[in-house]
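Take a look at the structure set out below.
None of the figures in this text is laboratory data; all of them are computed from the coordinates on show. What you see is a predicted model, and the numbers here were worked out from it, not measured in a lab. Every residue, glycine as well, gets a Cβ built from its backbone with ideal geometry; the counts of neighbours run over all protein chains shown.
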Amino acid sequence: MKITDAKVIVTCPGRNFVTLKIFTDQGLYGIGDATLNGREKSVVSYLEDYVIPCIIGMDAHRIEDIWQYLYRGCYWRRGPVTMSAIAAVDTALWDIKAKAANMPLYQLLGGASREAVMVYGHANGADIEETKDEVGKYIDLGYKAIRAQTGVPGIPSTYGVSKDKMYYEPADAELPSANVWSTTKYLDHTPKLFEALRNTYGFDPHLLHDVHHRLTPIEAARLGKSLEPYRLFWMEDCVAVDNQESLHRVREHTVTPLAIGEIFNTIWDCKTLIEQELIDYIRTTVVHAGGITHLRQIAGLAALHHVKTGCHGATDLSPVCMGASLNFNLWVPNFGVQEYMRHTEETDTVFPHAYHFEDGFLHPGDQPGHGVDIDENLAAKYPYQRACLPVNRLEDGTMWNW
Ligand SMILES: O=C(O)C(=O)C[C@H](O)[C@H](O)CO
Ligand SMILES: [Mg+2]
């Protein structure tokens with residue numbers, strides 16, 4: 001089955017999404033997500049100028065070989081732009097193969113290992129009271145796992161806290177907006193949130209928290225330790241892991257489970273953390289880590305070291321990524337949880353999908369392929385709008401991790 005053409009569709013139904021559509025000589029097409037928040041056009045160029053001309057004429061069934069061609073065959077390998085482009089090709093090809101087999105993608109991967117995929121939603125509030133109410137709303141919706149983020153007194157804006165409670169979009173301006181950060185205030189305040197949540201809702205709901213790369217290892221150790229009484233499902237991205245060995249410092253001090261990896265692109269980014277058992281959940285996802293083909297390898301390595309999957313699923317990952325990820329999650333033996341920040345209604349209509357939510361779980365549906373399509377006419381009505389992720393400074397003006 002030959003690849004006859006491919007095109008990139010950029011649409012902004014509330015936020016930007018980049019989608020690759022691959023056509024074949026058998027009339028089948030497949031789609032893949034190529035969205036990289038705040039850097040969308042770099043991936044578009046990488047696909048249009050370099051990748052698409054190479055894959056036209058290739059056999060769409062040879063997914064592994066095409067993956068190796070785009071990864072190993074490229075001298076400048078790895079990095080988020082390259083790997084998101086490879087992921088889009090890979091996802092579209094798996095979509096085509098599953099459509100050709102007339103099966104949902106999870107069947108090709110090895111079939112369902114569970115009935116459905118547990119997801120976590122995002123509860124957030126300006127203060128502890130509001131966050132508590134928001135967590136209650138997620139519990140009422142049936143969620144079994146909830147991420148909780150709260151505003152910190154004295155910090156004008158905090159990561160993860162938004163006005164739109166169901167859809168959080170941090171890329172909020174044409175140029176990066178400036179956030180302010182105080183580790184001291186955050187460390188003093190955060191344990192109070194989880195104390196309040198456990199006092200109100202007990203220990204049944206799984207509670208998660210995202211530190212978003214802001215602490216040093218010893219500060220992360222302190223937070224992990226202070227959160228132990230509240231038994232979190234995970235503490236995410238507690239440090240910026242450029243120096244991965246530093247996670248040993250955190251591990252030495254706390255048994256709070258750790259999740260890292262949403263910004264990782266390859267198995268090489270995950271290798272130290274997984275092999276040295278410095279994390280409990282690996283956050284790599286389909287679009288930013290080379291597609292289903294590569295994610296499967298990462299999960300295989302993780303399984304050897306008691307590390308479970310916890311795929312990134314914020315709103316900047318399109319429904320196409322979510323559909324592919326859910327098929328992956330339904331199969332992957334060492335599944336942990338899937339993040340599910342809902343998309344807006346506009347986004348959901350641009351991307352008709354078979355996946356559905358019930359009582360805290362998502363199921364990918366049983367349509368042939370990954371079960372997500374794109375309505376190109378509708379997509380064309382929402383042109384690209386430049387939007388950047390914020391930057392972050394300490395109170396004295398020093399640049400910090402966002
Ligand atoms: O969902 C999460 O855990 C995030 O950290 C969301 C990120 O800030 C977001 O995907 C950046 O584009
Ligand atoms: Mg995160």
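Points to keep in mind about this one:
- Restricting the calculation to alpha carbons of the range 108-366 gives Rg and Dmax of 17.5, 52 angstrom.
- Using a simple spin-label model with pseudo-atoms 7 Å out from Cα toward Cβ, ASP5 and GLU129 lie 5.9 nm apart.
- Under the Karplus curve 6.51 cos²θ - 1.76 cosθ + 1.60, θ = phi - 60°, whole-Hz ³J(HN,Hα) for the range 43-49, x wherever Gly or Pro sits: 6, 4, 4, 4, 5, 5, 7
- Linear extension gain, LEU378 paired with LYS192, 0.36 nm per residue minus alpha-carbon span: 62.4 nm
- Amide H contacts of TRP181: ARG393, LEU394, GLU395, each under 5 Å away and 5 or more positions distant or on a separate chain (H built 1.01 Å from N in the peptide plane; Pro and chain starts excluded).
- Multiplying the residue separation of VAL391 and ARG114 by 0.36 nm and removing their Cα-Cα distance gives an extension gain of 95.7 nm.
- Cα centroid separation, the range 131-173 to the range 49-81 (Å): 39
- Separation of the alpha carbons by more than 31 angstrom is noted, of LYS99/LYS271; LYS165/LYS381; LYS165/LYS185; LYS41/LYS97; LYS41/LYS137; LYS137/LYS381, for LYS99/LYS271; LYS41/LYS137; LYS137/LYS381.
- Net charge of Cβ neighbours under 10 Å - reference ASN401; Lys, Arg +1; Asp, Glu -1: -1
- Across the options GLY300, ILE139, ALA60, the greatest Cα extent toward the positive end of the charge dipole of the chain (unit charges at beta carbon of Lys, Arg, Asp, Glu) belongs to GLY300.
- Cα→Cβ-extended label distance, 7 Å offset, between LEU301 and SER177, nm: 3.7
- Built amide H within the under 5 Å cut-off of ASP5, gap 5+: PHE23
- Bridge type composition, the chain - antiparallel percent by DSSP, nearest 5: 45
- Subtracting the Cα-Cα distance of ARG62 and ALA101 from 0.36 nm times their residue separation leaves 12.6 nm of extension gain.
- Mean residue ellipticity (222 nm) of the chain, computed from DSSP H runs ≥ 4 via -39,500 (n - 2.57), nearest 500: -10500 deg cm²/dmol
- Amide H to amide H, with H built 1.01 Å from N, HIS356 comes under 5 Å of HIS363, GLY365, counting only residues 5 or more places away or on other chains.
- LEU141-ASP366 FRET efficiency (beta carbon distance; Förster radius 22 Å; 0.05 resolution): 0.40
- Average Cα contact separation per residue, the chain, under 8 Å, 6 or more apart, as relative contact order %: 23
- All other residues whose Cβ lies under 15 angstrom from that of ALA196 are scored, Lys and Arg at +1 and Asp and Glu at -1, for a net of -3.
- Multiplying each eigenvalue of the alpha-carbon gyration tensor of the range 110-206 by 5 and taking the square root yields semi-axes of 26, 19, 12 Å, largest first, rounded to whole angstroms.
- Summing charges over all other residues whose Cβ lies under 14 Å from the Cβ of MET118, with Lys and Arg as +1 and Asp and Glu as -1, gives -1.
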